[in-house]
1. Using a 7 Å offset from the Cα along the Cα-to-Cβ direction at both SER400 and LYS112, what is the distance between the two label points in nm, to one decimal?
2. Given a Förster distance of 51 Å, report the FRET efficiency between PHE40 and THR300 from their Cβ-Cβ distance, rounded to the nearest 0.05.
3. Rounded to the nearest whole Å², what accessible area per residue is found for the stretch 87-219 with the 1.4 Å probe?
4. Determine, from the Cβ-Cβ distance of SER363 and VAL84 and an R0 of 41 Å, the FRET efficiency 1/(1 + (r/R0)^6), rounded to the nearest 0.05.
5. Got a sec? Charge dipole of the chain, +1 on Cβ for Lys and Arg, -1 for Asp and Glu; which of ALA228, LEU284, THR263 is way out at the positive end?
6. Considering only protein heavy atoms and a 1.4 Å probe, what is the carbon-and-sulfur percentage of the accessible area of the stretch 248-334?
7. Report, by chain and number, residues whose modeled amide H sits under 5 Å from the one on ARG231, excluding near sequence neighbours (fewer than 5 apart, same chain).
8. Could you give each residue of the stretch 65-78 its phi-based ³J(HN,Hα) in whole Hz, using Karplus coefficients 6.51, -1.76, 1.60 with θ = phi - 60°, and x for Gly or Pro?
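The values are calculated or read from the model by the stated rules, or taken from the named source; none is laboratory data. In this text the structure is predicted, and so the values were computed from the model without any measurement. Methodologically, a virtual Cβ is constructed for each residue, glycine included, from the backbone with ideal geometry; neighbour enumeration extends over all protein chains shown. These accessible areas exclude ligands, DNA and RNA; they are computed on the full protein's heavy atoms, side chains included. Shrake-Rupley method; radii C 1.70, N 1.55, O 1.52, S 1.80 Å.
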Amino acid sequence: MPILLPWEDTVAFASKKEVVDSLASLRRKSMIESSDTACFTLQPVIMEYVTDEFIREICKEIHGETPYLFARHALAKAQSKEYVRESQMRLILTPIMKWLFASIEREVIEKKFKVLLSRLREISDQKTNYAAGNLLNLLIQMHYDLRSYDFSHLPIRQAFLQGTLLPHVDFTDADLTTSVFTDTFGSVLSVAFSPNGALLAAGTTNNDIRLWHTSSGTPYQTHQGHRAWVRSIAFSPDGHILASGSDDQTIRVWEVDSGNCLTVLQGHRAWVRSIVFSPDGRMLASGGEDQVVRLWEVSTGICLKTLQGQMGRIRAIAFSPDGRMLASGGEDQAVRLWEVSTGICLKTLQGHKERIRSVAFSSNGNMLASGSDDQMVRLWEISTGNCLNVLRGHIDCVRSVTFS
């Protein structure tokens, strides 16, 4: 498999024109190939030769304690997908480690690493230096004891530190922006994908909201501000806004790109268990322990209506596809259908024997599904309120329902 180092993971001093001219020359000589994705790669035989030469030069630099290529290239990219990172380990880091162990005693290798580490602080342009991250990756893979190592005031770029214990390692004022650590947080109480599937958000018992890139699994942002557990989260239809409901009785509205909290919606008198955006993204509905559903104007944070009549905690809410109707369900074992414009309860759907955990409209808005602690899913006809079917087979409560 070819090793592709992105432009941002190398340090180049040539101008863009020089790079383009060099690529054109290499293509004429059949030294490189281009793909449909506008990437350039070497032919397999040439790739193998160049990789071997690159590894040989890196080993010479470590032996001579003179980092040049070692400081200008990320030997492995911590933020890449797992299979890419494993390939980089197998084809680059592992051969370097084998060469070092075969030619230098283990104690001497560590001394050379420490000399290299001390010399890194003499390099003026630290922002374009990958040596500290490369050293840390090698030390971890070679199973050295990292205690007492000093990485302070250095850029630690592309270090993969998940599952690594780092006691007594000095990272004072180190730049760890592109490194990946083990991500620790409390229990996850709610999750939501962004509409384009690029981000996954989770509400936790640490009172925060964590976001990850779904393609790589790397952390994107952490939203902090709630003072209690985050039980519900929802993305707006355009994916630009994220809302979170908490045991602190508030709903926070966040700008996804910046991570800024745009507004705090206050009015509930107990935990907020469920939130959902209207299909046009202009309205937000919330329900919880205080037995009411509140409708909020997203742009202003004003509570437009309070829907009352549910006889118990509200566990689930959902807008119809056209946004004209809202369904709610909870402790009183009934599903209520509300007219959004007036706040009037149009129908009460009864049949479940335990609390209702989940509700969902069909894509055409003609049917509603509800899941309950009675281990059943019921399908309802919206126009009549009749139960069309009861789906059995679950052996525990039904916490989530959806239509394909």
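1. The answer from the label model is 5.1 nm.
2. For PHE40 and THR300, the calculated efficiency is 0.50.
3. 49 Å²
4. With a Förster radius of 41 Å, E is 0.65.
5. LEU284
6. 41 percent
7. Amide H neighbours of ARG231: GLY245, SER246, ASP247.
8. Listing the rounded values in order: 6, 10, x, 10, 4, 4, 8, 10, 9, 7, 5, 8, 9, 4 Hz.
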